[in-house]
Amino acid sequence: MTINEYKEEVKLVRPQMLAIARNYLKDNDEAEDAVQDVLLKLWQLIDTLHLPMAPLASVLLKNRCIDILRRHHYTTEVNETIPNEEEKADERYEKVIALIDTLPTMQQTIMRLRHMEGMEINDIAKLTGSKETAVRKALSRARHAIKDQFLKTEWE
């Protein structure tokens, strides 16, 4: 990739990257820093980059945001009240996220790209180097496994 191609691609991709980082980090300054870190890393890889750069940039950015979040030590206040519907929904969401973490790596990646990033099946297939049918099958298996485990934990 040439320097001019890189600059043009950054102009197109940067707003999307900022949106992803803000979604993860909830802080504009940290989001800007994360995007800059990823763009610097991509700049260092400029000789090996190919167009389009967006899929690689978004994966690197998500990983960077997750690293930042892991380094923060968040604390929450625990109240001794009866959980309402919103809290129950949050608990179910947390269970599903924990169950996704138990899946094989490829299924985890496909689930996150499809449901958390909203990527299309064909884009996921290109990014992972798989066929669309393989991505659909892995997604179906992952959903089925999560459903089974979730129902199993709900009945216990």
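The values are calculated or read from the model by the stated rules, or taken from the named source; none is laboratory data. This is a predicted model, so every value here is computed, not measured. Quick reminder, even Gly has a Cβ in these numbers, built from the backbone with ideal geometry, and neighbours come from all protein chains shown. These accessible areas exclude ligands, DNA and RNA; they are computed on the full protein's heavy atoms, side chains included. Shrake-Rupley method; radii C 1.70, N 1.55, O 1.52, S 1.80 Å.
For (1) open to solvent by less than 80 Å² (accessible area, probe 1.4 Å); (2) touching a residue at least 60 places away in the same chain (Cβ under 8 Å); (3) small (G, A, S); (4) not in a helix (DSSP H, G or I), each residue gets a yes or a no:
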{"position": "N4", "(1), (2), (3), (4)": "no, no, no, no"}
{"position": "E9", "(1), (2), (3), (4)": "yes, no, no, no"}
{"position": "L12", "(1), (2), (3), (4)": "no, no, no, no"}
{"position": "I20", "(1), (2), (3), (4)": "yes, yes, no, no"}
{"position": "N23", "(1), (2), (3), (4)": "no, no, no, no"}
{"position": "E30", "(1), (2), (3), (4)": "yes, no, no, no"}
{"position": "L39", "(1), (2), (3), (4)": "yes, no, no, no"}
{"position": "T48", "(1), (2), (3), (4)": "no, no, no, yes"}
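Go through (1) at pLDDT below 90; (2) buried (at least 16 other Cβ atoms within 10 Å of the Cβ); (3) outside the structural domain of D37 (by the TED database) and name the single condition I68 misses.
(3)
Quick check on this structure: which one of K137, K88 is more than 24 Å from I20 (Cα to Cα), in a helix (DSSP H, G or I) and at pLDDT below 90?
K88
Looking at region 118-156, which of its residues are open to solvent by less than 50 Å² (accessible area, probe 1.4 Å) and not small (G, A, S)?
Residues satisfying the conditions are M119, I121, I124, T128, V135, L139, I146, F150.
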